[in-house]
1. For region 11-39, which positions are small (Gly, Ala, Ser) and not in a loop (DSSP other than H, G, I, E, B)?
2. Read through the list (1) assigned to a strand (DSSP E or B); (2) without any contact (Cβ under 8 Å) to a residue 40 or more places away in the chain; (3) within 26 Å of Gly206 (Cα to Cα); (4) not polar (S, T, N, Q), then give the number of the only condition that Val104 fails.
3. Condition first: crowded, with 22+ Cβ neighbours inside 10 Å and either assigned to a loop (DSSP other than H, G, I, E, B) or aromatic (Phe, Trp, Tyr) (or both). Now tell me which residues in region 73-87 satisfy that.
4. From the residues in region 193-247 that are basic (Lys, Arg) and part of a strand (DSSP E or B), which one is modelled with the highest pLDDT?
5. Would you call Leu68 touching a Lys or Arg at 6+ places or on another chain (Cβ under 6 Å), at pLDDT 95 or above, in a helix (DSSP H, G or I) and crowded, with 16+ Cβ neighbours inside 10 Å?
6. Would you call Ser59 small (Gly, Ala, Ser), closer than 28 Å to Glu188 by Cα, modelled with pLDDT of 95 or more and surrounded by fewer than 20 Cβ atoms within 10 Å (Cβ to Cβ)?
7. Quick one: in region 188-227, which of the residues that are aliphatic (A, V, I, L, M) and over 29 Å from Pro135 (Cβ atoms) is surrounded by the most Cβ atoms within 10 Å (Cβ to Cβ)?
8. Name the residues in region 151-178 that are farther than 19 Å from Gly206 by Cα, in a helix (DSSP H, G or I) and touching a residue at least 24 places away in the same chain (Cβ under 8 Å), would you?
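The values are calculated or read from the model by the stated rules, or taken from the named source; none is laboratory data. The model shown is predicted, which means the values in this text are computed figures rather than measured ones. So basically every Cβ, Gly included, is an ideal-geometry build from the backbone, and we count neighbours across all protein chains shown.
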Amino acid sequence: MKFHHRPTEALHWWEDGKILGGRDVTAGGTWLASNRQGRVAFVTNVRELTSLSAVFAKSRGDLPVRFLQTHKTPLEFAEEIAKEADQYNGFNLLIADLSSMNMVYVTNRPKHGSCYVTSVPPGIHVLSNASLDTPWPKAQRLEHGFRDSLNQYGDGELPVNEMVDKLMGNTIKDDHSKLPQIYPPEFEYQLSSVFVDAVSVKGRYGTRSTSALAVKASGEVFFYEKHLENDVWIEHTETYLIEKNEK
């Protein structure tokens, strides 16, 4: 989610042809991206009242880019980021190497300490603007909806674009008693749905794109995005094969 007035670029291969994802024009980073080597990274902000000034804080969107540009393992990169975590506002970062089936989660807003790094076990996980798998109601709705889709299609191929519309387009909001109680209640209520279209003193804020990345056992990757451009939703899909690491 971003303010609608903040300029972004839709899903595309970046100029050097090595990174696939959307891009934040203001800071140059991304929220979700991948590369041909089977690496994937995405970041979310942590909902909090206080933050570092933009003058002093490093851009969180640069974290996925740095991972995609390095040859370090997810754990090695996570440990590197942990050493500079205090230079960023609150973030959740998930980084994965699909070739080695290895995923790591990093956050600089853990319950205890200044940074938390852990491997992510196989299974279904949901990440919003709190720690990984925090049971916010909208996160639970998303998880339950995803499980229902898996049960519905079984071993068949999942219709990615239909799933994105169904799961990420959910506008159900929470009862005020179930809100995290971090922001003012009126604004937090607007943020309590999976799909967000909110108004704040800084302008229109909410969902400007939804994405899905699916990988077949053959190594074929499907990266789907639906983004808002001039109040019109535009769909785009990129496909590619993960390149084998030749040693």
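1. Gly21, Gly22, Ala33, Ser34
2. For Val104, the failing item is (3).
3. Phe77 - this is the single residue of region 73-87 that is crowded, with 22+ Cβ neighbours inside 10 Å and either assigned to a loop (DSSP other than H, G, I, E, B) or aromatic (Phe, Trp, Tyr) (or both).
4. Residue satisfying both the conditions and the ranking: Lys226.
5. Against the criterion (touching a Lys or Arg at 6+ places or on another chain (Cβ under 6 Å), at pLDDT 95 or above, in a helix (DSSP H, G or I) and crowded, with 16+ Cβ neighbours inside 10 Å), Leu68 qualifies.
6. Yes, satisfied.
7. Val221
8. Val160, Asn161, Met163, Lys178
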